[in-house]
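The values are calculated or read from the model by the stated rules, or taken from the named source; none is laboratory data. Everything quoted here is computed from the prediction, not taken from an experiment. A quick note on method: Cβ atoms are made from the backbone with ideal geometry, for glycine too, and the neighbour counts reach across all protein chains shown.
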Protein chains: 2
Amino acid sequence: MIVVLRLGHRPARDKRVTTHVGLVARAFGADGMLIADVRDEEVERSLRRVVRSWGGDFFVRSGVNWKEEIERWKGAGGKVVHLTMYGIPVSKVIGELRGENLMVVVGASKVPSEVFGISDYNVAIGNQPHSEVAALAVFLDRLFEGRELDLEFPGWKMKVAPSERGKLVIRRRMPQRPSASEQR
Amino acid sequence: MIVVLRLGHRPARDKRVTTHVGLVARAFGADGMLIADVRDEEVERSLRRVVRSWGGDFFVRSGVNWKEEIERWKGAGGKVVHLTMYGIPVSKVIGELRGENLMVVVGASKVPSEVFGISDYNVAIGNQPHSEVAALAVFLDRLFEGRELDLEFPGWKMKVAPSERGKLVIRRRMPQRPSASEQR
């Protein structure tokens, strides 16, 4: 189980970046995303819309208390990995993280200093300033050793057929539920 | 030489995502970024500020004509790689791209269909919807086989010392230019 915890989301500024974090979490094999402190139904809706079309059962929940979530996760035996440009190189720790239940914490600009202490690992995807979206993607790509790019998402209505030129999308009608008259 | 070409930037909506694209380009070893069609001095300024503090000579230029840039690049023998969820798997082509001069094209939501035809490669970082920021990061990480995370950025004023807890930043005063009196 891999859950992403997004800290510091400001609905006025961060909608698109937080949505990208959620899309990356889903596409790269995480099970869900929690957004700390604030509710943002717009971000939740746009992620759920993607899940409905493209499949899988990725979940999203906003407005959680980050400290409680981290403590609960650790209490249940999971590990907490905070992605930060100040941390130790991903290559040094990725081996011991495979197969664990991970909460992957990504911040917006400012992260409470407490997070550095409460996390089991502070991990850097390079020590240059860049993007939490990129950090999460590369972390999961390393964790799953590239296999996440071939994941199937059950229940898809749309699916890409890879092609050298142009866009090929396969669309599937959902199996019809029996109507009331048929059920009788 | 690796240059990122950002298409479809809308200054009102995309400032932060385009800035993330630029930061990722720099941090993951590209030489510069071109932003098509519109000038955005705010994005340029914030990227140059990062270069001044953290080093290297990453360049950014906005308001370019994308078609001219692509044609000039190809005319000079470079290859054009368009990152798109509709393309062929990155693992199939990454080997033949190493060592080439690459223009890496990333779009915002809508990309003109012409781009699929004019590019030498349409490459997918997975075929699920996610983020151009993530796609660029994983592409460059695969291209450079992870070595980009150890890049040095000459001329840095700030540099992170990786640490297990907290933030360690090394600051360096620039060598002083000789003053007018010393020069005499």
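The combined condition, being closer than 18 Å to A:H20 by Cβ, touching a residue at least 24 places away in the same chain (Cβ under 8 Å), small (G, A, S) and in a helix (DSSP H, G or I), is fulfilled by B:A25. Restricting to region A:7-28, give me the number of residues that are more than 10 Å from every other protein chain (Cβ to nearest Cβ) and more than 13 Å from the chain's Cα centre (by Cα). So the count comes out to 5. The number of residues in region B:83-101 being more than 15 Å from B:V138 (Cβ to Cβ) and surrounded by 18 or more Cβ atoms within 10 Å (Cβ to Cβ) comes to 1.
Just one residue in the set B:L83, B:L102, B:L47, B:L97 is on the phi < 0 side of the Ramachandran plot, free of Cβ contacts under 8 Å to residues at least 60 places away in the same chain and away from chain A (no Cβ under 14 Å); that residue is B:L97.
The C-beta contact set for region B:159-184 (first residue at pLDDT 55 or above, second residue among the polar types (S, T, N, Q), distance under 6 angstrom, 6+ apart or interchain) comprises B:V160/A:N127; B:P162/A:N127. Hey, does region B:116-128 have a residue that's closer than 13 Å to B:L34 by Cβ and more than 9 Å from every other protein chain (Cβ to nearest Cβ)? No, region B:116-128 contains no residue that is closer than 13 Å to B:L34 by Cβ and more than 9 Å from every other protein chain (Cβ to nearest Cβ). Applying the set (1) within 14 Å of chain A (Cβ to nearest Cβ); (2) more than 19 Å from the chain's Cα centre (by Cα) to B:R173 leaves exactly one unmet item: (1).
From the residues in region B:155-165 that are assigned to a loop (DSSP other than H, G, I, E, B) and more than 7 Å from chain A (Cβ to nearest Cβ), which one is nearest to A:F116 (Cα to Cα)? Write out each step before concluding.
Within region B:155-165, the subset assigned to a loop (DSSP other than H, G, I, E, B) is B:155-157, B:161-165.
Narrowing the set further to residues that are more than 7 Å from chain A (Cβ to nearest Cβ) leaves B:155-157, B:161.
Working: B:G155: 29, B:W156: 25, B:K157: 24, B:A161: 15 Å.
So, considering only residues that are assigned to a loop (DSSP other than H, G, I, E, B) and more than 7 Å from chain A (Cβ to nearest Cβ), the one nearest to A:F116 (Cα to Cα) is B:A161.
I need the full set of residues from region B:123-136 which are part of a helix (DSSP H, G or I) and more than 14 Å from B:V81 (Cβ to Cβ), in order please. B:V133, B:A134, listed by residue number. All of A:L168, A:L136 fail the test of being touching a strand residue (DSSP E or B) at 6+ places or on another chain (Cβ under 9 Å), within 27 Å of B:F116 (Cβ to Cβ), within 8 Å of another protein chain (Cβ to nearest Cβ) and among the hydrophobic types (A, V, I, L, M, F, W, C), apart from A:L168.
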